[in-house]
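The structure appears below as structure tokens.
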Amino acid sequence: MAMVKKPVTGMKDILPAEMQIRDYVIGLIKETYKSFGFTPIETPCVEHIENLCSKQGGDNEKLIFKILKRGEKLRLDTAETEQDLVDGGLRYDLTVPLSRYYSNNSNQLPTPFKALQIGPVWRADRPQKGRFRQFYQCDIDILGDPTCLAEIELITATTTLLGKLFDNFKVRINDRGILKAMAAYSGFSEDSYDKIFIILDKMDKIGLEGVKAELLESGYAAESVEKYLDLFAKLETEADPVDWLRNELGDFLPAATAESISTIMNSVKKTQYKPYEVAFDPTLVRGMSYYTGTIFEIEMPDFGSSVGGGGRYDKMIGKFTGKETCACGFSIGFERIVMLLMEHNFQIPGQSEKIAYLVEKNMPADKLADIMQEAANERAQGKCVLVVTMNKNKKFQKEQLSKEGYENFREFFRR
């Protein structure tokens with residue numbers, strides 16, 4: 001069987017120029033989030049299949065890379081169902097593993113617990129620009145805090161990080177409680193909420209009329225559809241849409257929900273590392289079924305879609321322990337951020353001077369020792385020094401090294 005040199009579809013080799021940016025961004029992430037009190041943790045790449053298929057991950061559960069049982073446990077000849085063959089899978093996000101981690105280790109952790117997790121995840125998705133089957137996620141989560149301070153800290157920390165890399169982004173905020181209140185006020189039954197929200201989530205693509213058409217085609221009462229969409233139309237002209245909803249929806253909207261959204265927005269506006277827009281967006285849905293309260297996303301015009309998102313998920317940890325634990329998290333699109341930086345020829349700030357020593361072949365031992373000593377002296381001064389054998393085609397060699405950030409070249413000959 002012939003060997004294949006290309007990576008598996010949906011996965012990629014990372015060349016040195018990109019790897020340098022990835023390392024820099026990871027370092028910046030850790031430095032920034034640690035300054036907010038988040039603690040790095042790590043969970044295994046492989047999770048129990050029961051956890052991955054617990055109906056917490058939405059459509060991601062259809063994209064699991066499943067792992068066959070091993071050794072004597074794998075009995076292909078007698079297997080009748082998938083459960084007979086599979087007992088694990090590669091994690092598709094970091095939230096389900098974190099919930100298991102916390103439920104298993106909570107007695108050894110402070111309350112509330114502020115977790116930082118960076119690592120690869122896998123989804124059997126259709127590859128496209130900015131989307132791979134293996135990619136890195138970066139999550140921060142606050143576990144055990146029922147107050148809106150958790151949301152404020154998560155948004156402030158994330159926007160502080162992004163402000164160190166980009167100038168133009170927007171934070172959109174909503175609450176699942178507001179979504180449900182608007183649907184209930186309009187006369188929709190609770191069992192129809194999920195389908196309605198899926199259609200609503202298309203608002204930015206198909207517009208108000210498109211959403212109306214789909215709702216009517218799905219069989220919902222015209223009166224309810226009109227009342228529902230009239231809310232969104234009126235909200236566009238309101239200076240304080242949350243306050244307007246508080247008055248319009250009345251008892252359908254819990255006062256604490258509206259107050260929480262207002263507090264979060266006012267607080268993050270006052271603590272901006274760099275100016276950015278903070279907007280209440282009643283059409284923001286977020287697809288994960290585990291969200292129970294506040295939800296948020298970060299848009300970046302240069303990318304044309306979300307580069308981060310999250311929200312409150314107070315029910316997930318209870319699936320493991322039987323006892324509900326408040327939880328809220330924010331995930332940034334690490335791969336998309338790196339891609340944007342690469343496309344804009346991002347230069348890593350404060351990099352050490354990079355020098356390449358090109359040494360002629362068959363250099364006498366005494367001269368080679370002197371060269372190595374000179375390189376050591378320059379490294380002691382904080383410089384990055386690469387010592388390599390000089391190629392016959394020096395011009396091409398220098399061009400390749402220049403792509404890796406080497407600006408200065410020194411040539412050493414035998415004579």
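The values are calculated or read from the model by the stated rules, or taken from the named source; none is laboratory data. It should be emphasised that the depicted structure is a prediction, and the values quoted were computed from it without experimental measurement. Neighbour counts are summed over all protein chains in view; Cβ atoms, including those assigned to glycine, are modelled from backbone coordinates with ideal geometry. Keep in mind that these areas ignore ligands, DNA and RNA; they rest on the heavy atoms of the full protein, side chains included. Shrake-Rupley method; radii C 1.70, N 1.55, O 1.52, S 1.80 Å.
Report whether or not F296 is surrounded by fewer than 21 Cβ atoms within 10 Å (Cβ to Cβ) and under 21 Å from T160 (Cα atoms). Let's see the steps before the verdict.
Values: surrounded by fewer than 21 Cβ atoms within 10 Å (Cβ to Cβ): no; under 21 Å from T160 (Cα atoms): yes.
No; evaluated as a whole, the condition is false for this residue.
Among the residues of segment 262-288 satisfying the criterion of being of a type in the set (A, V, I, L, M, F, W, C) and in contact with a strand residue (DSSP E or B) (Cβ under 7 Å, 6 or more places away or on another chain), which is farthest from I199 (Cα to Cα)? Give the derivation first.
Pass one, segment 262-288, residues of a type in the set (A, V, I, L, M, F, W, C): 264-265, 268, 278-280, 284-285, 288.
Filter once more, so that each one left must be in contact with a strand residue (DSSP E or B) (Cβ under 7 Å, 6 or more places away or on another chain): 264-265, 268, 278-280, 284.
Values: I264: 27, M265: 26, V268: 30, V278: 24, A279: 21, F280: 19, L284: 11 Å.
For segment 262-288, the residue satisfying everything is V268.
Out of segment 206-229, which residues are of a type in the set (D, E, K, R) and in contact (Cβ under 8 Å) with a residue 40 or more places away in the chain?
Start the filter on segment 206-229 by keeping residues that are of a type in the set (D, E, K, R), which leaves 209, 212, 214, 217, 223, 226-227.
Passing the criteria: only K227.
So which residues in segment 59-81 are modelled with pLDDT of 70 or more and either touching a helix residue (DSSP H, G or I) at 6+ places or on another chain (Cβ under 6 Å) or part of a helix (DSSP H, G or I) (or both), if there are any at all?
Result: D59, N60, E61, K62, L63, I64, G71, K73.
Checking D314 against (1) under 25 Å from I196 (Cα atoms); (2) open to solvent by less than 30 Å² (accessible area, probe 1.4 Å); (3) out of contact with any Phe, Trp or Tyr (no Cβ under 7 Å at 6 or more places or on another chain): exactly one of these is not met. Which one?
Every condition holds for D314 apart from (2).
Return the pair list, or none, for Cβ contacts closer than 9 Å from residues in segment 309-324 that are touching a residue at least 12 places away in the same chain (Cβ under 8 Å) and charged (D, E, K, R) to residues that are surrounded by 14 or more Cβ atoms within 10 Å (Cβ to Cβ) and part of a helix (DSSP H, G or I), at least 6 apart or on different chains.
Qualifying pairs under 9 Å: R312/A150; R312/E151; R312/R176; K319/N51; K319/S99; K319/S103.
Taking the conditions exactly as written (of a type outside the set (A, V, I, L, M), more than 28 Å from the chain's Cα centre (by Cα) and assigned to a loop (DSSP other than H, G, I, E, B)), does N362 satisfy them or not? Full working, then the answer.
Details: of a type outside the set (A, V, I, L, M): yes; more than 28 Å from the chain's Cα centre (by Cα): yes; assigned to a loop (DSSP other than H, G, I, E, B): yes.
Considered against the rule, which asks whether it is of a type outside the set (A, V, I, L, M), more than 28 Å from the chain's Cα centre (by Cα) and assigned to a loop (DSSP other than H, G, I, E, B), N362 comes out as yes.
Please specify each residue of segment 387-415 satisfying the condition of being assigned to a strand (DSSP E or B), polar (S, T, N, Q) and within 29 Å of F346 (Cα to Cα).
Here is the first cut: in segment 387-415, the residues assigned to a strand (DSSP E or B) are 387-389, 408-412.
Next, from what is left, pick out any that are polar (S, T, N, Q): 389, 408.
N408, the sole residue that qualifies.
So, A258, is that one small (G, A, S), touching a strand residue (DSSP E or B) at 6+ places or on another chain (Cβ under 7 Å), open to solvent by less than 60 Å² (accessible area, probe 1.4 Å) and modelled with pLDDT under 95 or not?
Working: small (G, A, S): yes; touching a strand residue (DSSP E or B) at 6+ places or on another chain (Cβ under 7 Å): no; open to solvent by less than 60 Å² (accessible area, probe 1.4 Å): yes; modelled with pLDDT under 95: yes.
Here the answer is no, as A258 does not meet what is asked.
Report, ordered by the first and then the second residue, all pairs with beta carbons closer than 7 Å, sequence separation of six or more or different chains, a first member in segment 17-31 that is assigned to a helix (DSSP H, G or I), and a second member that is among the aromatic types (F, W, Y) and open to solvent by 40 Å² or more (accessible area, probe 1.4 Å).
Sorted first by the residue in segment 17-31, then by its partner, the pairs are I21/F346.
Residues of segment 101-126 being open to solvent by 50 Å² or more (accessible area, probe 1.4 Å) and either without any contact (Cβ under 8 Å) to a residue 24 or more places away in the chain or farther than 21 Å from I29 by Cβ (or both), which ones? Before you say what the answer is, go through the steps one by one.
So in segment 101-126, the residues open to solvent by 50 Å² or more (accessible area, probe 1.4 Å) come out as 104, 107-108, 110-112, 126.
Result: N104, N107, Q108, P110, T111, R126.
Just checking, how many residues over segment 230-249 are exposed (fewer than 13 other Cβ atoms within 10 Å of the Cβ) and either outside any helix (DSSP H, G or I) or touching a residue at least 60 places away in the same chain (Cβ under 8 Å) (or both)?
The total comes to 4.
Report the residue count in segment 365-386 for those that are assigned to a helix (DSSP H, G or I) and open to solvent by 50 Å² or more (accessible area, probe 1.4 Å).
At the first step, the residues of segment 365-386 found to be assigned to a helix (DSSP H, G or I) are 365-380.
With the extra rule that they be open to solvent by 50 Å² or more (accessible area, probe 1.4 Å), the set shrinks to 365-370, 372-374, 377, 379-380.
Residues flagged as assigned to a helix (DSSP H, G or I) and open to solvent by 50 Å² or more (accessible area, probe 1.4 Å) within segment 365-386 amount to 12.
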